[in-house]
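The values are calculated or read from the model by the stated rules, or taken from the named source; none is laboratory data. Note that the structure is predicted; figures quoted are calculated from it, not measured. With ideal geometry, Cβ positions are generated from the backbone for all residues, glycine too; neighbour counts draw on all protein chains shown. Surface areas here come from the heavy atoms of the whole protein model, side chains and all, with no ligands, DNA or RNA. Shrake-Rupley method; radii C 1.70, N 1.55, O 1.52, S 1.80 Å.
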Amino acid sequence: MSGLPEPLSRLIGELKRLPGIGEKSAQRIAFHLLQGGPERAAALGAATSTLHEQVSRCGVCGNFTDAQPCGFCRNPSRGDTMLCVVEDPADIAAIEKAKIFNGRYHVLGGVTFPPQGDPEEERSLASLLQRVRDGRFEEVIVATNPTHDGEAAAAWLAHLLKPHDIRVTRIGIGIPMGSELVHTDETTMAEALQHRSTL
């Protein structure tokens, strides 16, 4: 941006790279940090600089966590008969807002199906199949986004999971095609979970 100090322009440029942040939002955030004094900027900087050191993927489900395994996997009050498969960790937060699912989660970390040689996606898929073989799951809920890729992933997962004699369902009514779970309100998410369909 012309006329702005280079450090401020650089910050605005970095903020614009974040999802959902456009030029105006990036400027507002940058000016807010600048006007808020060095303490506010330092707190944000410290929080982001240690993020990758302190947060990793859960070795069981693939969710983001600061302890192994994550809180969902450690929680003894969650049921062991239902497994909800999502694309990204942010989708877990969307489902939890509905307050009706109390089972376990598995994060795919991608939705290219069949996997095209991505080691992380292949590891996640292998881990999912191992969990189904070793666990007591009676139902796997496929909660991928209702997009073309999400639907393709759901069909592929159903194909892989059916030989394991397990009920495979798909979240249904309420979430429009082309949308993302992270932007779904609690009521719509609850409706989708309650009206899931067998794949």
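Quick look at the values:
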item	result
Condition met for Ala152 (surrounded by fewer than 13 Cβ atoms within 10 Å (Cβ to Cβ), over 17 Å from the mean Cα position of the chain (by Cα), aliphatic (A, V, I, L, M) and at pLDDT 85 or above)	no
Check on Gly3, farther than 30 Å from Asn145 by Cα and open to solvent by less than 50 Å² (accessible area, probe 1.4 Å)	no
Top-ranked residue of the stretch 136-149 - restricted to ones that are in contact with an Asp or Glu (Cβ under 8 Å, 6 or more places away or on another chain) and farther than 23 Å from Glu180 by Cβ, ranked as surrounded by the fewest Cβ atoms within 10 Å (Cβ to Cβ)	Arg136
Scan of the stretch 1-49 for residues that are closer than 24 Å to Val182 by Cβ and among the hydroxyl-bearing types (Ser, Thr, Tyr), ordered by number	Ser25, Thr48
Identity of the residue in the stretch 177-193, over 21 Å from Ala152 (Cα atoms) and not acidic (Asp, Glu), that ends up surrounded by the fewest Cβ atoms within 10 Å (Cβ to Cβ)	Thr187
Close pairs from the stretch 177-197: first closer than 14 Å to Thr144 by Cβ, partner among the aromatic types (Phe, Trp, Tyr), Cβ under 7 Å, at least 6 apart	Leu193/Phe101
Residue count for the stretch 120-148, restricted to those that are in contact (Cβ under 8 Å) with a residue 12 or more places away in the chain and over 17 Å from the mean Cα position of the chain (by Cα)	9
Residue list for the stretch 155-182, filter: assigned to a helix (DSSP H, G or I), out of contact with any strand residue (DSSP E or B) (no Cβ under 6 Å at 6 or more places or on another chain) and closer than 18 Å to Val107 by Cβ	Trp156, Leu160, Leu181, Val182
Subset of the stretch 157-176 (residues that are open to solvent by 90 Å² or more (accessible area, probe 1.4 Å) and either in contact (Cβ under 8 Å) with a residue 60 or more places away in the chain or among the acidic types (Asp, Glu) (or both))	Asp165
Filter result for the condition that a residue is among the hydrophobic types (A, V, I, L, M, F, W, C) and in contact with a His (Cβ under 8 Å, 6 or more places away or on another chain), over Val140, Val107, Val132, Val182	Val132
Wholly within the stretch 20-119, helices (runs of 4 or more DSSP H) carrying at least 1 residues that are under 18 Å from the mean Cα position of the chain (by Cα) and surrounded by fewer than 18 Cβ atoms within 10 Å (Cβ to Cβ)	51-54, 71-74, 89-97
